[in-house]
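Each remark here refers to the structure printed beneath this line.
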Amino acid sequence: MPSSEQTWKVGPLAEASGLTVRTLHHWDHLGLLSPSRRTASGHRAYTERDVVRLYQILALRRLGLGLETIATCLDAGVDARRLVREHLAATEASLAALQELRERLDHLDGELAAEREPGTEDLLRLVRATGATRPAADEALRRHLDEDQLHALADHAAALGPSAHYLLEVEWPQLYRRAEALRAAGTDAADPRVRRIAARLDELSRLFSGGDTTLSAAVRTAWRKDPAALSGDPAAPADAWADLRTFLDLARGTAS
């Protein structure tokens, strides 16, 4: 008995989703989204389950994630809703910290307007509130970048909007984890999967540095010197990324 499930050929699905046939073919080639059924005439067709995956891909892509990371997230069972919840939690934490900072500044402004010298405890609370808006990674960058570089980095991140959180907190670490898994499995650095990861890492670096090679080099130095803070892994030793860096440089064709 034939299935009553609706299916779509590539052309109709492209039209319905606002994508191009070329894009869907590309995603099929990457293994990101492939039609999982064949019609009676032998044509490949997308199923309702495939359309659900398409929606997840588009949702994650709108958050700024690269295709390699999207594939890894979906194949590992990390869905869009979980990522959105994580983003929401981080945003709420940032808003709470900023609200506390606003209250401290407002109180300090009132004290100064009344020509009263702010007390030591007031200043300490302000320092703590200010520090609450800077994660460990931000503090690590401050140890290795000068003020002009920090401002430039912040400007480029601001220009990316809400996607900056995902690019830094989700995609970047995920790409490194995926690359490390491939390296540990003995994958050749010239493998297309490794090359795609290296290319996306370089693309992210350009996004956050605005193409400034000096700024990119400074950020790479911060990663070398403070991998625990920047990777979010407090146990990461100082040389944790040495083998992986060499592996990725080989993929780029830049290793000596």
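Descriptive notes on the structure:
- Leu215 meets each of the listed conditions (1) of a type outside the set (Gly, Ala, Ser); (2) modelled with pLDDT under 85; (3) touching a His at 6+ places or on another chain (Cβ under 9 Å) apart from (2).
Here's the yes/no breakdown for (1) buried (at least 19 other Cβ atoms within 10 Å of the Cβ); (2) among the polar types (S, T, N, Q); (3) in a helix (DSSP H, G or I):
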| site | (1), (2), (3) |
| --- | --- |
| Arg178 | yes, no, yes |
| Ala181 | no, no, yes |
| Val194 | yes, no, yes |
| Asp202 | no, no, yes |
| Ser205 | no, yes, yes |
| Leu215 | yes, no, yes |
| Thr221 | no, yes, yes |
| Arg224 | no, no, yes |
| Ala229 | yes, no, yes |
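- Those residues of region 7-46 which are part of a helix (DSSP H, G or I), over 18 Å from Arg61 (Cα atoms) and of a type in the set (Lys, Arg), in sequence order: none
- Here region 97-145 is the region considered, the condition is being open to solvent by 70 Å² or more (accessible area, probe 1.4 Å) and not in a helix (DSSP H, G or I), and the residue that is modelled with the lowest pLDDT is Arg134.
The values are calculated or read from the model by the stated rules, or taken from the named source; none is laboratory data. On a predicted model such as this, the values are computed, not experimentally measured, just so you know. Glycine gets a Cβ as well: all are built from the backbone with ideal geometry, and neighbour counts include every protein chain shown. For accessibility, only protein heavy atoms count, side chains too; no ligands or nucleic acids. Shrake-Rupley method; radii C 1.70, N 1.55, O 1.52, S 1.80 Å.
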